[in-house]
Each structure stands twice: as C-alpha cells, then as structure tokens.
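Report on the following structure.
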Amino acid sequence: MAKSELQVMPRKEAGKGVARSLRREGLVPAVVYGKGMDPCSIAVDPKALKTAIGTEAGWNTLITLKGDGPFDGKVVLLKDMQVDAIRRDILHADFNTIDLKKKIHVMVPVQALGTPKGVKEGGTLSIVRHELEVICLPTDIPKSIDVDVTELDVADVVHVDDLEVAEGVEIPHDVNFTILTVVGRMAEEVEEVEGEEVEGEEVAEEAAEEEAPTEEAAE
C-alpha cells in the first residue's frame, strides 16, 4: 500500500475571508476530521499535497500528517478536493482520519489488461464501471481492480461475480452487475447497408417513373 507524509500547519481562524488570504499566500485551506477528534482547520502547500497523492494509489494513499497540532501523526485519506475549473488550482481539501486496524469503504479504479479478441475483429471494449467500491483494511487497499480481457469475444460480458480480488478485499453488491463488455458493430453495419439498399431502390423507382412514357405521349 502506498504511503506518504504531509507537512501541514494549524490555523485558528476559518471562513471565506481567511481562505482567500491563504490562497493569496500560495496555501490551500483544509480540514482534518475523524472519529474521536474535533475537526481541525489546517493549511497545506499545494505542491506538497500533489506530491503526497502522486503515488500509484492516488487518493487512496495513506498520508501521515506532520505538524504542530492534534493531527500530528494521524493517518488520513484525502476525501475531497475542490479544484478551480479554469486554472486547476486546488481550492480546498478534506482529510479523514482512519484506524489502520478497521476496515473502510473506498473507491478503486477498474483497469482492463490486454486487448480483447473481439476488438481485433472489429468490436469495441465498453467499460461500464470505471471504479468499484471495496471494503478492506486500509493497508490492503488495491491500487486497481485488474481484469484480463484478452480472451473476450464480441458480446462477452464480465460481471462483478467474475472478478478475482485479493484475500481480505470485498466488493459489496446485491446484484451481479456488468463491469465491462465487448460490443460488436455488426448490427450497426447491417442497418446501414439495409438503409443504403432501401434508398437505392427508391432512387431507381423514381428514375423509372420519370423515364416511362405517359399515355398521352404514346398516342
């Protein structure tokens, strides 16, 4: 499991005005919360935050906070991050403390491995679920749910019950829903060909009607 450390600074004041001041100083306002502790307002360097979550696990990286406050030494997960839509600057971040000995719910990306046989024959790989909820200990969070798709033909489907995950990792579900499938293009091509044939027949009929002599002309 990917781990990192993040140096943060406590801040006594909160509010929009304080947040704007921090951003002008090049810092990101953030909050740390979790069971057994009051929410703590903190500030963090955006570059340091990007580095902390820049591992293969991304947001599921186990981050140990460092700084002068009750959050020092706490292991957290990044739970939310607001980003400016245009400049892509980080505007705010939320961290949730976790107990390494208790299972948690997290979202893990789905990764297709290989190229399906059906794609080589003209089909298209359609990933229906790009991420899945898993339940496990924080130290057992997988970086991705890997699915080998090399043997899939057109119309083959992979359901959640078909997935193989590591021991201690559970994917909660009530229905055996679809994860990914290989979609064929045959139906679309047939419809296009039939449409062209019908259009061709209509053009031919119109041309024949125009060329056929009328009764008055025949007399």
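The values are calculated or read from the model by the stated rules, or taken from the named source; none is laboratory data. Note that this is a predicted model, so its numbers are computed, not measured. Virtual Cβ from ideal backbone geometry, glycine too; neighbours counted across all protein chains shown.
Brief remarks follow.
- Taken over segment 123-170, residues that are under 20 Å from the mean Cα position of the chain (by Cα) and closer than 18 Å to residue 59 by Cβ amount to 16.
- One residue stands out among those in segment 29-63 that are hydrophobic (A, V, I, L, M, F, W, C) and in a helix (DSSP H, G or I): the one that is farthest from residue 13 (Cα to Cα), which is 59.
For every residue, the table says whether it meets (1) within 24 Å of residue 88 (Cβ to Cβ); (2) among the basic types (Lys, Arg); (3) without any contact (Cβ under 8 Å) to a residue 24 or more places away in the chain.
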site	(1), (2), (3)
7	yes, no, no
21	yes, no, yes
24	yes, yes, yes
32	yes, no, no
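- Of all residues in segment 142-155, those satisfying the criterion of being crowded, with 16+ Cβ neighbours inside 10 Å and assigned to a loop (DSSP other than H, G, I, E, B) are 142, 143, 144, 149, 152, 154.
- Scan of segment 5-32 for residues that are surrounded by fewer than 16 Cβ atoms within 10 Å (Cβ to Cβ) and either closer than 23 Å to residue 102 by Cβ or outside the structural domain of residue 88 (by TED's automatic domain parsing) (or both), ordered by number: 5
- Considering only residues in segment 37-57 that are over 14 Å from residue 90 (Cβ atoms) and free of Cβ contacts under 8 Å to residues at least 40 places away in the same chain, the one that is surrounded by the fewest Cβ atoms within 10 Å (Cβ to Cβ) turns out to be 38.
- Criterion (among the aliphatic types (A, V, I, L, M), at pLDDT 95 or above and touching a Ser or Thr at 6+ places or on another chain (Cβ under 6 Å)) met by exactly one of 149, 128: 128
- Test: residue in segment 65-75 that is within 23 Å of residue 169 (Cα to Cα) and outside the structural domain of residue 172 (by TED's automatic domain parsing): yes
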